[in-house]
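Asker: Okay, here's the structure, questions in a sec.
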């Protein structure tokens with residue numbers, strides 16, 4: 001089942017942090033539901049998963065990191081590529097990364113790459129400022 005890994009990782013975290021299955025009933029997750037989730041038989045809602053992770057002091061980012069076998073996600077890998085190309089002063093690589101990001105409609109990643117070899121236009125800079133205000 002596609003849910004199996006989510007439950008397995010959750011169970012490992014729960015056991016490492018010494019939480020019982022019944023502990024989560026305090027936040028509205030029954031022992032039976034949590035057990036089925038950990039066994040990969042069902043999925044729990046995002047809200048319940050988030051609440052359970054918070055209860056254990058585990059962030060969503062940490063949980064995702066465990067789910068992905070501690071590998072970088074696409075954005076992290078892409079930023080790593082930008083950094084390496086910038087250090088090597090490889091303008092062609094930076095330009096290709098810019099084009100790739102634009103092709104996938106990842107404007108902020110594209111602007112990161114472009115800003116390393118060319119000044120952003122006023123419109124691009126405004127997009128970055130707007131993005132930063134939205135996430136801040």
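Asker: Considering only the stretch 28-75, state which residues are closer than 30 Å to residue 117 by Cα and exposed (fewer than 11 other Cβ atoms within 10 Å of the Cβ).
Answerer: Selection gives 71, 74.
Asker: Working carefully through the options 75, 11, 31, 17, find the one that is free of Cβ contacts under 8 Å to residues at least 60 places away in the same chain, under 16 Å from the mean Cα position of the chain (by Cα) and at negative phi.
Answerer: Testing whether each residue is free of Cβ contacts under 8 Å to residues at least 60 places away in the same chain, under 16 Å from the mean Cα position of the chain (by Cα) and at negative phi leaves just 75.
Asker: Mind checking which residues of the stretch 121-132 are within 28 Å of residue 88 (Cβ to Cβ), loosely packed, with under 14 Cβ neighbours inside 10 Å and modelled with pLDDT of 95 or more?
Answerer: First pass over the stretch 121-132, keeping only residues within 28 Å of residue 88 (Cβ to Cβ): 121, 124-125, 127-128, 131-132.
From the residues that got through so far, the ones that are loosely packed, with under 14 Cβ neighbours inside 10 Å too are 121, 125, 131-132.
Result: 121, 125.
The values are calculated or read from the model by the stated rules, or taken from the named source; none is laboratory data. Nothing here was measured: the structure is a model prediction, and the numbers come from that model. Using ideal geometry, Cβ is built from the backbone for each residue, glycine included, and neighbour counts are taken over all protein chains shown.
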